[in-house]
1. Using modelled amide H (1.01 Å from N, peptide plane; none on Pro or chain starts), what sits under 5 Å from the amide H of residue 247, excluding residues fewer than 5 places away?
2. Through the Karplus equation 6.51 cos²θ - 1.76 cosθ + 1.60, θ set to phi - 60°, convert the phi angles of segment 34-42 into ³J(HN,Hα) values in whole Hz; use x for Gly and Pro.
3. What ³J(HN,Hα) values, in whole Hz, does the Karplus curve 6.51 cos²θ - 1.76 cosθ + 1.60 give for segment 327-334 when θ = phi - 60°, with x put for Gly and Pro?
4. List the residues, sorted by chain then number, that are 5 or more residues from residue 294 or on another chain and whose placed amide H is less than 5 Å from its amide H.
5. Among 174-183, 255-264, how do they line up by average Cβ neighbours within 10 Å per residue, starting with the highest?
6. How long, wide and thick is segment 182-231, going by the Cα atoms along their three principal axes, in whole angstroms, largest first?
7. In terms of Cα to Cα distance under 25 Å, which lysines are near enough to residue 295, apart from those fewer than 8 places away along the same chain?
8. Work through the residues other than residue 228 whose Cβ is under 13 Å from its Cβ and net out their charges, Lys, Arg +1 and Asp, Glu -1.
Amino acid sequence: MSAAVARHFTSVFLLLLAAARPAPGQSPSTQPLRKTDLVRLLTVGTIRSAELAALVKRNCLSFIPTARDRADLVALGADTALLRALAACARRVEAAPPAPGAARARPPLVRRPPAAAARRVVARPVAPPPVAVPPPPPPPPPPLPLSTTLTGFVSGVGQHGAVGTRPTLPLVFQARDTTGGPAMGEVVTLGVTNGRLGAARAVTDSSGRLSVDLTLGPKAGATVVRATVRTLVREATLFPEAGAIVRLLLRCGDTPIERKVTFTRESPLLFRVTGQDAFGNPVPVARVAAATGDKGVLRVDYAGGDSLGGVVRVTPGEPGSTSLVVVASGRREDITAVVLQNRDSGASCGRPG
């Protein structure tokens, strides 16, 4: 930029500054200088620093210079006199009360903090306090030894019952320690001979007891239940008996008769009659009754009983076939009887003595 142009720019700027409408709180002949005004005047260089300081003293400033502002002005050529004028004006601006409506005429002055103070401060994360871990609970004391005299079956031993049924009285097992107190929570392993268990393991209750879920049989005789707790083994014996008769069984000697029997002529035979329950157990019958469909083919000589049970004695007659009906204990058995012509043919299962 030439000197003439610079002088012309400076003259025009000063005229505009003088002609501008005064701000509230200022005299009619003055207008506060902005930072951009100072920067333009220092950049053009047509006004001396002393004149610029006088201009600042007369017109004052529209802002409060910060350290950053003063550094920028010094870099453009501001001397000590201008900096003093800036500081004096800043003190007057800070001390002067705000004029009415000034907040609406100009935005509020913002004092910018130094660059170092504007840096973001990041707080160091604080580690959470350590969580207190409670100590593990002490181990429970070892259980007391079991009493060898008080541990065992205490109820339901020795009773009788029909096969395929549960005992009338529950079979109860008891575990007690050496002090005589109940051994609660003891695991008992169960086993059985000639019977059926509902569970192979059970646990004693607060009284040290448990009931055995037992079904007797299927064979008549004896049912043996074994209970094992720790190292102790205890047994209980019950006695299942044959159940109700569901069918009749005839035997000729050692040969069972199944639906059909063959005779030779004039060979009297003796039948032993017993009953059977649903599990095949023999059931003795005291007396029997018998009849044939044709007495000429087969004649019933005797039907009743002796010290061994039911007995039927028959004598074959004419060759042929007929029915033999045996009744006992409310059951009936129908057998086909065949009498052969030849005395030496057929099967002779037994003769009465």
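1. Counting only residues 5 or more places away or on other chains, the set is 276.
2. 8, 5, 5, 5, 4, 5, 5, 5, 5
3. Whole-Hz 3J(HN,Hα) from phi for segment 327-334: 10, 7, 6, x, 10, 10, 10, 10.
4. Those qualifying (amide H under 5 Å, at least 5 residues apart or on another chain) are 323.
5. Details: 174-183: 17.0, 255-264: 14.9.
For the peptides 174-183, 255-264, the packing ranking is 174-183, 255-264.
6. Largest to smallest, the principal-axis extents are 35, 19, 15 Å.
7. Candidates past the 8-residue exclusion: 260.
8. Its environment carries a net charge of +2.
The values are calculated or read from the model by the stated rules, or taken from the named source; none is laboratory data. In this text, all values refer to a predicted model and were calculated from it rather than measured experimentally. Glycine also receives a Cβ, built like all others from the backbone with ideal geometry; neighbour counts cover every protein chain displayed. Surface accessibility is based on the protein's heavy atoms, side chains included, excluding ligands, DNA and RNA. Shrake-Rupley method; radii C 1.70, N 1.55, O 1.52, S 1.80 Å.
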